[in-house]
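Beneath this line is the structure, given in structure tokens, with notes to follow.
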Amino acid sequence: MTDPRSGSQARIRQALQGGGGSPQVVPYLMAGFPHLDDTVGMLLAAQGAGSALVELGLPYSDPLADGPVIQAAGQRSLMNGMTVARALGQIRTARAAGFTIPLVVMTYLNPLLRMGLGDFAGQAADSGVDGVLVTDLPLEEMGAIGEAAAHYGLAITTMVAPTTPDSRIRRAGELATGFVYCVSRTGVTGSSAATADEGPELLRRARMQTDLPLALGFGVRRRDQVLALTGLADAVAVGSFLIERAGEGSDPARAVAEAISQLRG
Amino acid sequence: MKDPGRLLVTDPPALGRYGDFGGSYVPETVVPALGELVEEAKSALADQSFLDELSSLLRDYAGRPTPCYFAARLSEHAGFPIWLKREDLLHTGAHKLNNALGQLLLARRMGKHRIVAETGAGQHGLATATACALLGLPCVVYMGSEDIRRQAVNVAKMRLLGATVEAVDSGSRTLKDATSEAIRDWVTNVRDTHYVIGSVVGPHPYPWLVRTLQSVIGVEARQQMLAQAGRLPAQVVACVGGGSNAIGIFSGFLDDPEVRLLGVEAGGRGAGPGENGASLNLGSPGVLHGASSFLLQDQDGQVLPTHSVSAGLDYPGVGPEHAWLNSTGRATYCVVDDRQALAAFHLLSRLEGIIPALESSHAIHQAIGSRPDDGGPVLVCLSGRGDKDLDTVLTEAAGD
Ligand SMILES: Cc1ncc(COP(=O)(O)O)c(C=O)c1O
């Protein structure tokens with residue numbers, strides 16, 4: 001038997017590095033958005049459209065790293081009654097319904113602290129979560145959740161940004177057990193115009209410092225942006241664009257599946 | 001007064017920790033900038049020419065030292081002596097300028113070309129806009145649309161001074177949301193922008209940096225009490241929003257164990273969720289805006305809306321050093337509600353001819369009800385003046 005931690009780690013690595021050609025598409029979806037019960041259908045639709053892995057956002061009232069689209073989606077999800085425990089229940093339901101690709105939960109520290117980091121890690125692993133990314137938890141503070149995650153076999157994803165020096169990127173690679181998330185520009189999610197795209201340069205620097213899969217995110221909405229990262233990123237995370245699509249029509253699962261297919265070309 | 005504008009400079013706490021509180025919980029993009037800020041602030045505060053420039057600005061531009069005033073008629077009303085540290089007389093009308101001037105000099109030293117700030121009551125936005133005009137730097141102030149409505153005069157002043165005031169419509173449209181939006185701007189423009197946070201909150205090194213810049217209040221007040229009252233105060237009282245005026249005045253007396261330190265939180269209209277701003281009294285430990293402290297949150301760790309008649313206390317968090325002083329018992333924290341603060345606002349106006357800020361009015365109410373055991377003097381931080389609050393007070397009076 002492999003230990004459960006290397007299980008999640010291997011699943012994530014295989015999913016993200018299995019593509020060969022152009023980068024894998026990793027959708028970011030908000031649990032409980034647009035409606036509380038849309039999560040399971042959207043997860044299955046994302047898998048059906050060929051996603052390698054899904055990042056599932058758990059809403060927080062004060063998301064410092066998110067732009068207007070994801071802020072509004074999180075606010076709506078909270079108003080719909082979403083909680084960490086509910087989201088984990090929905091993930092469990094999705095697993096029972098045939099959702100098999102890796103799932104990484106992306107959120108902020110305070111809701112997890114409130115539940116208790118150990119309890120969260122245990123319940124998440126038990127519900128079928130493979131990894132966790134906590135946006136406001138810097139490398140220096142990773143210890144507490146790192147221990148809990150390791151104990152329950154959850155992978156940890158760390159973030160690096162264009163402002164991160166090489167020595168810190170190396171540290172981010174050492175602390176991560178899933179993949180390293182590279183933020184393409186200084187800014188918040190969804191901001192494609194405010195600042196320059198520094199993604200390719202960051203990916204080149206990150207590749208020198210770690211062997212883990214590299215996912216690039218923030219501001220990606222088109223197939224040509226995905227193609228331009230071929231050979232640089234293992235995966236491209238797409239959030240605000242998909243959330244906009246999910247929020248528009250009457251069938252969010254279908255809207256998300258179509259948008260993912262479009263991004264995959 | 002010896003050395004007006006003198007600060008109490010300490011080493012920053014390791015990793016920004018005050019016991020279990022503090023730290024730095026922010027997106028990776030700004031982590032390197034916070035590291036630089038720690039180093040730059042340490043070097044500036046160890047540089048005599050930086051300190052000299054700051055203290056001459058504090059004296060000649062801002063009007064320090066501010067007086068320590070024996071409030072005779074208020075004392076007679078209370079039945080024991082009450083002294084007021086007159087931060088309301090500082091240029092721009094509140095203690096906030098002590099911090100803004102220091103951080104602007106620091107921003108210039110770091111070569112930053114642009115300033116962002118958040119504001120609640122508008123006093124910190126006004127102070128930052130003023131310091132930016134003085135140093136010729138562009139300034140963007142984020143302010144909740146609810147606060148823009150209730151603090152219209154300060155908005156007009158900031159615009160006169162050349163600042164851009166950005167309305168924030170998310171969440172509760174008050175200080176919490178303005179702070180989040182200012183941090184998002186900083187995350188986006190971190191390479192050329194300095195974020196001037198307005199209180200002893202936020203990620204390390206801000207709680208330490210703002211405390212150091214506000215310590216001028218406590219350093220002066222201690223000397224003034226010894227010189228004018230002939231003794232230390234039995235008790236020091238200050239209102240606590242994020243906690244900068246309180247830490248500023250407390251810092252002068254922390255090493256005097258016989259001086260009781262009393263912080264006053266906003267009781268708003270009641271103890272229920274969303275009705276107050278009393279993070280230490282009615283909140284629980286958590287992480288907000290980059291620091292671990294006490295905050296008002298629901299059972300799922302979502303931050304609650306808040307209410308206070310005073311915009312500057314209408315905030316769900318509190319500085320980590322206060323959370324620590326509360327847990328060690330060195331300072332105690334109590335709650336004063338809207339109605340009590342409004343009554344104190346009128347009382348001080350009538351008895352002393354001083355119209356206090358609604359924030360400071362909370363401290364006034366607490367002070368007159370807290371007779372020290374030895375009957376000794378009580379020192380109140382009168383953090384600001386009440387001109388900005390006239391609309392609110394007149395509306396409240398009409399509503400009663
Ligand atoms: C006059 C006055 N007092 C107090 C405060 C509360 O801030 P702090 O607790 O940081 O002193 C404010 C904030 O705007 C203020 O304007």
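The values are calculated or read from the model by the stated rules, or taken from the named source; none is laboratory data. Predicted, not measured: the structure shown is a model, and the values here were computed from it. Positions of Cβ are generated from backbone atoms using ideal geometry, with glycine treated the same way; all protein chains shown enter the neighbour counts.
Could you please let me know if A:G146 is at pLDDT below 95, more than 14 Å from chain B (Cβ to nearest Cβ) and crowded, with 17+ Cβ neighbours inside 10 Å? Yes, satisfied. Entry remark, the range A:43-81: residues being more than 9 Å from chain B (Cβ to nearest Cβ), more than 15 Å from the chain's Cα centre (by Cα) and not hydroxyl-bearing (S, T, Y) number 11 in total.
Being within 12 Å of the ligand (Cβ to nearest atom) and within 14 Å of chain A (Cβ to nearest Cβ) is the filter here; which residues of the range B:106-143 pass it? Passing the criteria: only B:E118. Summed over the range A:95-110, residues that are within 17 Å of the chain's Cα centre (by Cα) and either within 14 Å of chain B (Cβ to nearest Cβ) or in a helix (DSSP H, G or I) (or both) total 4.
Residues in the range B:113-142 that are in contact with an Asp or Glu (Cβ under 8 Å, 6 or more places away or on another chain) and buried (at least 20 other Cβ atoms within 10 Å of the Cβ): B:V116, B:E118, B:T119, B:G120, B:A121, B:G122, B:H124, B:G125, B:V140, B:V141, B:Y142. Within the set B:S284, B:S292, B:S279, the sole residue that is crowded, with 24+ Cβ neighbours inside 10 Å, within 13 Å of chain A (Cβ to nearest Cβ) and touching a strand residue (DSSP E or B) at 6+ places or on another chain (Cβ under 9 Å) turns out to be B:S292.
Anything in the range B:246-276 that is touching a helix residue (DSSP H, G or I) at 6+ places or on another chain (Cβ under 8 Å) and within 14 Å of another protein chain (Cβ to nearest Cβ)? List them, or say none. The answer is none; no residue qualifies. Is at least one residue of the range B:385-393 part of a helix (DSSP H, G or I), of a type in the set (V, I, T) and more than 12 Å from the ligand (Cβ to nearest atom)? Yes; the residues of the range B:385-393 include at least one that is part of a helix (DSSP H, G or I), of a type in the set (V, I, T) and more than 12 Å from the ligand (Cβ to nearest atom). Return yes when B:V393 is among the β-branched types (V, I, T) and modelled with pLDDT under 95 and no when it is not. Considered against the rule, which asks whether it is among the β-branched types (V, I, T) and modelled with pLDDT under 95, B:V393 comes out as yes. Flag: B:V303 does not match the condition of being away from chain A (no Cβ under 14 Å) and either among the β-branched types (V, I, T) or without any contact (Cβ under 8 Å) to a residue 12 or more places away in the chain (or both). Before we move on, is B:G376 surrounded by fewer than 18 Cβ atoms within 10 Å (Cβ to Cβ) and more than 16 Å from the ligand (Cβ to nearest atom)? When the stated conditions are applied, B:G376 does not pass them. Residues that are closer than 24 Å to A:A259 by Cβ and in contact (Cβ under 8 Å) with a residue 40 or more places away in the chain: does the range A:195-215 have at least one? Taking every residue of the range A:195-215 in turn, at least one turns out to be closer than 24 Å to A:A259 by Cβ and in contact (Cβ under 8 Å) with a residue 40 or more places away in the chain. Inspect the range B:158-168 for any residue being within 14 Å of the ligand (Cβ to nearest atom), crowded, with 20+ Cβ neighbours inside 10 Å, on the phi > 0 side of the Ramachandran plot and in contact (Cβ under 8 Å) with a residue 12 or more places away in the chain and give the result as yes or no. No, the conditions are met nowhere in the range B:158-168.
For the range B:324-373, a residue qualifies if it is closer than 17 Å to B:L390 by Cα, assigned to a loop (DSSP other than H, G, I, E, B) and in contact with a Gly (Cβ under 8 Å, 6 or more places away or on another chain), and the qualifying residues are B:I355, B:A357. Give me the residue from the range B:8-34 that is among the polar types (S, T, N, Q) and closer than 20 Å to A:Y108 by Cβ and, out of that set, farthest from the other protein chains (Cβ to nearest Cβ). Top of the filtered list is B:S24. For the range B:108-180, the helices (runs of 4 or more DSSP H) that sit wholly inside it and include 3 or more residues that are modelled with pLDDT under 95 are B:145-150, B:152-160.
Taking the criterion of being outside any loop (DSSP other than H, G, I, E, B) and either modelled with pLDDT under 95 or more than 16 Å from the ligand (Cβ to nearest atom) (or both), the residues of the range B:294-323 that qualify are B:Q297, B:V303, B:A311, B:G312. Taking residues in the range A:164-193 that are of a type in the set (S, T, Y), and partners anywhere that are assigned to a loop (DSSP other than H, G, I, E, B) and at pLDDT below 90, the pairs with Cβ atoms closer than 6 Å and at least 6 places apart or on different chains are A:S184/A:D197; A:S184/A:F218; A:S184/A:G219; A:T186/A:T195; A:T189/A:F218; A:S192/A:G219. Could you go through the range B:346-358 and let me know if any residue there is more than 14 Å from the ligand (Cβ to nearest atom) and closer than 19 Å to B:T174 by Cβ. So far as the range B:346-358 goes, no, none of its residues is more than 14 Å from the ligand (Cβ to nearest atom) and closer than 19 Å to B:T174 by Cβ. Going through (1) within 12 Å of the ligand (Cβ to nearest atom); (2) at pLDDT below 95 one by one, B:G399 falls short only on (1). Selection of the range A:115-130 for residues being surrounded by 20 or more Cβ atoms within 10 Å (Cβ to Cβ) and either away from chain B (no Cβ under 14 Å) or free of Cβ contacts under 8 Å to residues at least 12 places away in the same chain (or both) yields A:A121, A:A124, A:A125, A:V129, A:D130. If I filter the range A:162-178 for residues that are closer than 28 Å to A:G32 by Cβ and surrounded by 24 or more Cβ atoms within 10 Å (Cβ to Cβ), do I get at least one hit? Yes, there is a match, as at least one residue in the range A:162-178 is closer than 28 Å to A:G32 by Cβ and surrounded by 24 or more Cβ atoms within 10 Å (Cβ to Cβ).
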